[in-house]
Every structure is written in C-alpha cells, then in structure tokens.
1. Being out of contact with any Ser or Thr (no Cβ under 9 Å at 6 or more places or on another chain), surrounded by 12 or more Cβ atoms within 10 Å (Cβ to Cβ) and assigned to a helix (DSSP H, G or I) is true for just one of Leu5, Leu21, Leu72. Which residue is that?
2. Of the residues that make up region 28-35, is at least one assigned to a helix (DSSP H, G or I) and either touching a Cys at 6+ places or on another chain (Cβ under 9 Å) or over 29 Å from Ala77 (Cβ atoms) (or both)?
3. Can you tell me which condition Ser10 does not meet? The list is (1) within 23 Å of Ala86 (Cβ to Cβ); (2) without any contact (Cβ under 8 Å) to a residue 24 or more places away in the chain; (3) surrounded by fewer than 16 Cβ atoms within 10 Å (Cβ to Cβ), and all the others hold.
4. Considering each residue of region 36-69, count those that are closer than 24 Å to Ser16 by Cα and either of a type in the set (Asp, Glu) or part of a strand (DSSP E or B) (or both), and give that number.
5. Looking at region 24-69, which of its residues are small (Gly, Ala, Ser), surrounded by fewer than 17 Cβ atoms within 10 Å (Cβ to Cβ) and closer than 16 Å to Val12 by Cβ?
Amino acid sequence: MDLVLEWAGSFVERSSVPLVLFSYLNPILGYGPERFARAATDAGAAGVLVTDLPAGADPELEWALGSTGLDLVRLIAPTTTRERAAR
C-alpha cells in the first residue's frame, strides 16, 4: 500500500487531473482505515472507489474518508432500485 500511495503522490505532483484511487476493501482494512485515509489525502488523492463496499457496510471507513475530505465514489448497478441508490 505504501508503494501505491507513493506512486499516487508522484502522479498528483505532475498532473492537474484529480486522482481517484480504486481498491478492494480488504487491503484498506489491513492498512487501517484512518491511516489509509490520511495517507491518501497526503498523497493528494481526490477520492476513493472501494469496489466491494456496499453502502453503509463500513461506517468506520466512510467516516475516515469523509473526515479527511476524500470523496467516496459509489458504484450503482443498472438493477439498483431508486430507493437504494438514494442512500
């Protein structure tokens, strides 16, 4: 994870394009949600897309990302109901 975040920081320094990090949940949990959120923010990431994180499934991670100003990008399937998408 440290190497990925180092690369992300190098990218952000050389680019004007906002960087969104993609990850599965497990590597973030192994690294520590708050530690990950701080490190991603320090690297200059604009947001995080956790591909296997259902809405509301990990409030600690959602809080950690929100507290550092990182956007949590959500995926919505074509079959997702409007009610669920609104959450």
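1. Leu5
2. The answer is yes, given that some residue of region 28-35 is assigned to a helix (DSSP H, G or I) and either touching a Cys at 6+ places or on another chain (Cβ under 9 Å) or over 29 Å from Ala77 (Cβ atoms) (or both).
3. (1)
4. Total satisfying the criteria: 5.
5. If the condition is that a residue be small (Gly, Ala, Ser), surrounded by fewer than 17 Cβ atoms within 10 Å (Cβ to Cβ) and closer than 16 Å to Val12 by Cβ, then Gly44, Ala46, Gly47, Gly69 are the ones that fit.
Matching residues to (1) at pLDDT below 95; (2) touching a helix residue (DSSP H, G or I) at 6+ places or on another chain (Cβ under 7 Å):
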| position | (1), (2) |
| --- | --- |
| Leu25 | no, no |
| Ile28 | no, yes |
| Glu34 | no, yes |
| Arg38 | no, no |
| Ala45 | no, yes |
| Thr51 | yes, no |
| Pro54 | yes, no |
| Ala64 | no, yes |
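The values are calculated or read from the model by the stated rules, or taken from the named source; none is laboratory data. In this text, all values refer to a predicted model and were calculated from it rather than measured experimentally. Cβ coordinates were reconstructed from backbone atoms using ideal geometry, including for glycine residues, and neighbour counts include every protein chain displayed.
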